[in-house]
Amino acid sequence: MLGINLLFVMCVHKTSERYEDMFVDSTWQSPFVAMNIECKDSVYSIVPREGDMYLFLNDGVANKKYRYELFPILLEQTLGIDSITFCSLKEMDCMVTPQPYIDSIYKGKVENLISLLFNEKGVLSVGLSYPEEKYLIYLLFHHGVYLNTDCETGVLYILNK
């Protein structure tokens with residue numbers, strides 16, 4: 001009973017914080033982040049999960065404990081990686097490519113994406129292909145809208161709405 005009460009208090013406390021002030025989540029169901037990487041003179045956009053930041057040990061990213069420390073680095077810098085890390089990221093299928101359908105809705109305004117693709121609770125309400133979802137995550141992250149996948153339904157939802 002004490003454990004359940006402690007868990008409830010931790011959840012209530014955690015939800016009272018701003019999303020950016022929370023600890024970086026290193027679990028398997030951690031939220032998505034968007035970033036640019038460079039490998040062999042080419043730049044790629046990717047959307048790994050926060051829990052995958054261990055792949056970037058040499059870039060001072062993996063040791064960031066709070067999102068307000070991590071997110072500016074991901075938004076402002078292109079992180080150099082080696083070919084082994086690049087192959088790992090390709091296997092994880094987190095590379096992003098522009099998607100015409102998403103661009104046709106976006107038109108430079110994040111409000112268009114949120115109002116047309118998400119319901120009032122912040123849950124994705126239209127069917128998108130996986131490449132379209134990755135591109136949507138990338139665009140929204142760069143506008144300060146953070147997404148995760150519901151562990152039971154697999155549907156994307158907005159964390160900081």
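Please treat every number below as a calculation from the coordinates, not as lab data. Just so you know, these numbers come straight off a predicted model, no measurement behind them. Here the Cβ is made from the backbone with ideal geometry for all residues, glycine too, and neighbour counts use every protein chain on show.
Of note:
- Among the listed pairs Lys90/Lys121; Lys109/Lys134; Lys40/Lys90, those beyond 21 Å (Cα-Cα): Lys90/Lys121
- Linear extension gain, Lys40 paired with Thr78, 0.36 nm per residue minus alpha-carbon span: 12.4 nm
- Estimated distance in nm for a label pair at Ser115 and Leu128, the labels positioned 7 Å out from Cα along Cα-to-Cβ: 1.8
- Length available on full extension from Thr97 to Leu159: 0.36 nm per residue minus the Cα-Cα distance, which gives 20.0 nm.
- In a DSSP loop and with at most 11 other Cβ atoms within 10 Å, the trypsin sites (Lys or Arg not before Pro) in segment 61-146 are Lys65, Lys107, Lys109, Lys121.
- Nearest-0.05 FRET efficiency for His142 and Lys90, computed from C-beta distance (R0 22 Å): 0.50
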